[in-house]
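In what follows, a single structure is set out as structure tokens and then discussed.
The values are calculated or read from the model by the stated rules, or taken from the named source; none is laboratory data. Remember, it's a predicted structure, so these values are computed and weren't measured experimentally. For neighbour counting, all protein chains shown are included, and Cβ atoms are generated from backbone atoms with ideal geometry for every residue, glycine included.
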Amino acid sequence: MPEPVRCSHAPYICQMQYPFSIVEQKWQAHWAANHTYKVDEDPSKPKYFVLDMFPYPSGAGLHIGHPEGYTATDIVSRFKRMCGYNVLHPMGFDAFGLPTERYSMTTGIHPAIATEKNIETFKRQLNAIGFDYDWSRQVNTTLPEYYKWTQWMFLMMYNSWYDRAANKARPIDELPIPSDITDPQEIETYKDNHRLAYIAYSPVNWCEALGTVLANEEVDEWKDKGYTVERRPMRQWMLRITEYAERLLADLSLLDWPSSTLDMQRHWIGRSEGAEVIFPITGNNHSIAVFTTRPDTLFGATYLVVAPEHPIVEHIVTEHQRSEVLAYKDATALKSDLERTELSKSKTGVFTGAHAVNPATGADVPIWVADYVLAHYGTGAIMAVPGHDERDHEFATAFGLPIVQVVQPTDGSSIDVAAEAYSTYGIGVSSANASVSLNGLATNEAKRTIITWLESTGQGKGRTQFRLRDWLFSRQRYWGEPIPIMFYEDGTKRALDADELPLLLPDVKEFKPAGTGESPLATVDSWVNFIDAKTGKRARFETNTMPQWAGSCWYYLRYADPHNHETFCAPDNERYWMGNHGVDLYVGGGEHAVLHLLYARFWHKVLFDYGYVSTPEPFKKLFHQGLIMGEDGRKMSKSLGNVVNPDEVIASHGADALRLYEMFLGPLEASKPWNTRGIDGITRFLDRVWRMMVTEEGTLSPSVVKGAGSPELDRVLHATIKKTREDVENLSFNTTIAQFMIFVNEYTKSEQRSHEAMSAFVQCLAPLAPHITEELWQVLGHDGSVHHSQFPAYDEAKLIENEIEIVLQVSSKIRGKMIVPADADAAAIEELAKCDPNVQKHLDGKQIKKTIVVPGKLVNFIVG
RNA sequence: GCAAGCGUGGCGGAACUGGCAGACGCACUGGACUCAAAAUCCAGCGGGCUCAACCCCGUGCGGGUUCGACUCCCGCCGCUUGCACCA
């Protein structure tokens, strides 16, 4: 039994405070020793899978923001378990990545060692908060037993192509090879061009002085130190996520996600419909294809613009313009994507000296290069219609290019496209040649007409374009999953077979990049110069590693079967935990609204195509928790000195107080400031809960008695049960806790408290404050853990009040209140209301024009 | 610049499909207990009117719909987040 404890801030015995420190340690030890939260597959119960975005175990340890989302899922987990579900609420660590690698570069400590240490710290801190994780299901993305399967899935993608007819991934061996390709080398190249994982040259941030590739977040840091960073194409592994664009977009409709997140994903995928139009180049047998969403304005295209990086540029640039165009191209390479857009408030560009033919008008149009056209979107070239596009208009105005009108407003009003672009839809004008006319056609009709014409004359075709790009899947880093592909001296390559996995990351002493743009793996002789046992050929392994996103694309599946050596997750386990619609609730920061959540969806869909998972989408319901700000209202950061350490809060107030306070601060999704004083209110609440049931000796208080309570107290109890059930489902914990406080305020007033009411209240509080409730459950004389008890039900009949208060209004102004029987009808209420003295005063001598009675709410007399 | 979300006491925040604005907590004020303090318990706590009652004002600003608006509509202002020329 706990003894009265000393206050941390005073040298004498306090009056009846809840001894949180003793109780929390007691039960944490008890839960661990008794495997209270061990999870097994149990087909007799419905499952509930509640998932947190697993943390990156940094050296700094847990900060106060982590427990917010984790507490929310812990509450849901405990609540669902008490409601009869078999709950999976696991935790793991996403531990590959740059921060640990950089730590190793400066300290020389191996990232695996640092990771292990950091994970120990995280686990100790998480356990101190009392989460109900089954640690036997922990995953760690950096362990070979885990990344073996990440590699296996990479190979699954490498060994796949996307069959657009069947709309799914299929084995590469089933790829139809065109009959004119017969050379084995050419067949291999053809396959490579269709694999879901492929090699391409893609621009990276290259720093010549450092001899390394920089991550986007590092670029500014080094530029500030005076280093030059340029965009340079390098050999990279890519994943063909663009083949899934249509499905990634369509399946968003299956999800119960925040609408802002759905919007962001839609925008990221960026579907737009339009046409590809081919412009032949004058005096040259090349041509330029452009993508446009407004093919109806083709007659108004007075020039073309191509991206500086576009390969056509060097074929068409005239001698006279060559040096100027090349200088412009070099200047563009030095700009980051951000600078390129930020600095371009006014448009820049250079004439190539070349011309092309507008297929509709037959006119010669000049070809320019400009950095406002992006190489990676559409075809990397546009037809400029300055009369009907703002950007083109700005450019044409700056460089004196012709502007013509080909669309007029539907209402026939006159516009001046020389002054301002008219980009709204309208009616085609001045848009006809010998074989097609768009004049008089509304924009949508004009689009269809011109596309039909372009297709019939072979000068273009309708096309759907996505903003989404293929996923750059390699990093020139050490601390990531090795890519299980080897290259032979003759230029051929071999992917490892499943039985050769995992391909272990070799031990190295030096974590700095090789200086050639390759990862530290390039300096490991056994990695880049060995004899392949299967073929006897000399080989080198891929020196790129996978990005940090890789391991987080499928970790949720591993929780369902964490120790399987035969497969990443046994089908039975997958069906049990992911059945119906995948993860039931996923909670994590809004910063992952696009990348992680899009990559994981894509990865899951590839697995789905092969039948390895049973749902098209991994995460049914998603919730983003808000940020906890510093006491000064600013984001917590070391440099501002406003960081709150959870260890210190647990030491001073206890884990239950930390949990409750984080949930009481405000709505889970909102960002809200921490307040050190505020948590004292929670401590007071827990002390009152304690005193409501426990004596100074730690035994059951004599005020807790068997038998029913008063109808008023019963109503508070059943209202509390109802509110808890509803709020927990909606993750509205702040209002749940407010209701708990009301309960305690009411029951504290009473001399006698029903044992049943106390027990039910302890059960309501249990998901939020698991330690104090476990102790109280025992004090109340119950066997077993409160967390395995059945959540109380509420009785609707006990919630009904006999008498209710009605608001009295005269001309919509409140003039009084009255108590009426709950079952009083409208006529009776109206008559009673007229008797109220203050109402009579305001009705006096006036005509009642209208009476509004809302039963249970109000009476309103409108007087003239 | 574009898009979305949000603006409620000294503070964090409540208010279900339009029906008592300010639940609950923090801070503060007064009282009880105490030699005293802490802790605890009780009471008060948007503004105005010298107490109370009564009354008036009040949910960023300006309009509107409605018997009735924090809630719905239109236009501003401010903050937050996301995207940054996507043809």
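Give all pairs with beta carbons closer than 8 Å in which a residue from the range A:836-847 that is assigned by TED's automatic domain parsing to the domain that holds A:I814 meets a residue that is more than 12 Å from RNA strand B (Cβ to nearest atom); count only pairs at least 6 apart in sequence or on separate chains.
From residues that are assigned by TED's automatic domain parsing to the domain that holds A:I814, the pairs are A:V839/A:A833; A:Q840/A:K834; A:L843/A:K834.
Please work out which residue is surrounded by the most Cβ atoms within 10 Å (Cβ to Cβ), limiting yourself to the range A:408-437 and to residues that are of a type in the set (D, E, K, R) and closer than 19 Å to A:A384 by Cα.
Among residues in the range A:408-437 that are of a type in the set (D, E, K, R) and closer than 19 Å to A:A384 by Cα, the one surrounded by the most Cβ atoms within 10 Å (Cβ to Cβ) is A:E420.
Collect the residues in the range A:273-318 that are surrounded by fewer than 16 Cβ atoms within 10 Å (Cβ to Cβ), over 17 Å from A:L454 (Cβ atoms) and hydroxyl-bearing (S, T, Y), keeping them in residue-number order.
A:T282, A:T318
Somewhere in the range A:469-481, is a residue assigned to a helix (DSSP H, G or I) and either of a type in the set (S, T, Y) or surrounded by fewer than 22 Cβ atoms within 10 Å (Cβ to Cβ) (or both)?
No, the conditions are met nowhere in the range A:469-481.
Is there any pair linking a residue in the range A:849-863 that is more than 12 Å from A:E830 (Cβ to Cβ) to one that is not aliphatic (A, V, I, L, M), with Cβ under 6 Å and at least six apart or on different chains, and which?
Final answer for the pair search is A:K849/A:G864; A:I862/A:S811; A:I862/A:K849; A:I862/A:K850; A:V863/A:S811; A:V863/A:K846.
It is to be established whether one or more residues within the range A:812-831 are more than 16 Å from RNA strand B (Cβ to nearest atom), within 23 Å of A:V863 (Cβ to Cβ) and either more than 56 Å from the chain's Cα centre (by Cα) or among the aromatic types (F, W, Y) (or both).
Yes: the range A:812-831 contains one or more residues that are more than 16 Å from RNA strand B (Cβ to nearest atom), within 23 Å of A:V863 (Cβ to Cβ) and either more than 56 Å from the chain's Cα centre (by Cα) or among the aromatic types (F, W, Y) (or both).
Please enumerate the residues belonging to the range A:253-270 that are within 15 Å of RNA strand B (Cβ to nearest atom) and farther than 30 Å from A:I483 by Cβ.
The answer is A:W257, A:P258, A:S259, A:S260, A:T261, A:L262, A:D263, A:R266, A:H267.
Out of curiosity, is A:S323 more than 23 Å from A:D220 (Cα to Cα) and free of Cβ contacts under 8 Å to residues at least 12 places away in the same chain?
Yes.
Which residue out of A:K846, A:K834, A:K857, A:K850 is among the basic types (K, R), within 13 Å of RNA strand B (Cβ to nearest atom) and more than 52 Å from the chain's Cα centre (by Cα)?
A:K850
Taking A:A333 and the conditions (1) under 40 Å from the mean Cα position of the chain (by Cα); (2) modelled with pLDDT of 95 or more; (3) away from RNA strand B (no atom under 14 Å from the Cβ), which numbered condition does it fall short on, given that it satisfies the others?
(2)
Working carefully through the options A:L640, A:L665, A:L622, find the one that is at pLDDT 90 or above and within 17 Å of A:H63 (Cβ to Cβ).
The conditions single out A:L665.
If you scan the range A:814-824, which residues turn out to be in a strand (DSSP E or B) and in contact (Cβ under 8 Å) with a residue 12 or more places away in the chain?
A:R815, A:G816, A:K817, A:M818, A:I819, A:V820, A:P821
Residues that are more than 16 Å from RNA strand B (Cβ to nearest atom), more than 18 Å from A:E712 (Cα to Cα) and in contact (Cβ under 8 Å) with a residue 24 or more places away in the chain: which helices (runs of 4 or more DSSP H) entirely in the range A:722-807 hold 2 or more of them?
Here the list reads A:755-765, A:770-779.
Which residues, counting only those in the range A:397-413, are touching a residue at least 24 places away in the same chain (Cβ under 8 Å) and polar (S, T, N, Q)?
Correct list: A:Q405, A:T410.
Consider A:Y556 against the criteria (1) outside any helix (DSSP H, G or I); (2) buried (at least 20 other Cβ atoms within 10 Å of the Cβ): it satisfies all of them except one. Which criterion is unmet?
It is condition (1) that A:Y556 fails.
Quick one: which residue in A:Q125, A:Q138 is surrounded by fewer than 20 Cβ atoms within 10 Å (Cβ to Cβ) and either in contact with a Cys (Cβ under 8 Å, 6 or more places away or on another chain) or more than 24 Å from A:P618 (Cβ to Cβ) (or both)?
Exactly one of A:Q125, A:Q138 is surrounded by fewer than 20 Cβ atoms within 10 Å (Cβ to Cβ) and either in contact with a Cys (Cβ under 8 Å, 6 or more places away or on another chain) or more than 24 Å from A:P618 (Cβ to Cβ) (or both), namely A:Q125.
So which pairs qualify, if the first residue must be in the range A:662-674 and farther than 16 Å from A:T736 by Cβ, the second must be part of a loop (DSSP other than H, G, I, E, B) and near RNA strand B (Cβ under 6 Å from one of its atoms), the Cβ gap must be under 6 Å, and the two must be at least 6 apart or on different chains?
Close Cβ pairs satisfying both conditions: A:K672/A:L665; A:K672/A:G666.
One residue is enough: does the range A:345-365 have a residue meeting the conditions surrounded by fewer than 19 Cβ atoms within 10 Å (Cβ to Cβ), modelled with pLDDT under 90 and of a type in the set (A, V, I, L, M, F, W, C)?
No, there is no match, as no residue in the range A:345-365 is surrounded by fewer than 19 Cβ atoms within 10 Å (Cβ to Cβ), modelled with pLDDT under 90 and of a type in the set (A, V, I, L, M, F, W, C).
Being under 24 Å from A:R322 (Cα atoms), within 13 Å of RNA strand B (Cβ to nearest atom), in contact (Cβ under 8 Å) with a residue 60 or more places away in the chain and in the same structural domain as A:A419 (by TED's automatic domain parsing): is that true of A:Y372 here?
yes
Looking at (1) in contact (Cβ under 8 Å) with a residue 40 or more places away in the chain; (2) within 8 Å of RNA strand B (Cβ to nearest atom), which is the one condition that is false for A:M692?
Here A:M692 clears every test but (2).
Sort out which residues of the range A:550-569 are out of contact with any His (no Cβ under 8 Å at 6 or more places or on another chain) and among the small types (G, A, S), and write them in order of number.
Scanning the range A:550-569 gives A:A550, A:G551, A:A560.
Would you point out which residue out of A:R634, A:R659 is more than 9 Å from RNA strand B (Cβ to nearest atom), surrounded by fewer than 18 Cβ atoms within 10 Å (Cβ to Cβ) and of a type outside the set (G, A, S)?
None of the others qualify; the one that does is A:R634.
Select, from A:L668, A:L686, the only residue that is buried (at least 17 other Cβ atoms within 10 Å of the Cβ), outside any loop (DSSP other than H, G, I, E, B) and either on the phi < 0 side of the Ramachandran plot or not assigned by TED's automatic domain parsing to the domain that holds A:M758 (or both).
A:L686
Being surrounded by 15 or more Cβ atoms within 10 Å (Cβ to Cβ) and in contact with a Pro (Cβ under 8 Å, 6 or more places away or on another chain), is that true of even one residue in the range A:567-578?
Yes - at least one qualifying residue is present in the range A:567-578.
Got a number for residues in the range A:446-468 being surrounded by fewer than 23 Cβ atoms within 10 Å (Cβ to Cβ) and either over 39 Å from the mean Cα position of the chain (by Cα) or over 30 Å from A:P280 (Cα atoms) (or both)?
9
Return the total of residues in the range A:228-257 being touching a Phe, Trp or Tyr at 6+ places or on another chain (Cβ under 8 Å) and at pLDDT below 90.
Within the range A:228-257, residues that are touching a Phe, Trp or Tyr at 6+ places or on another chain (Cβ under 8 Å) and at pLDDT below 90 number 6.
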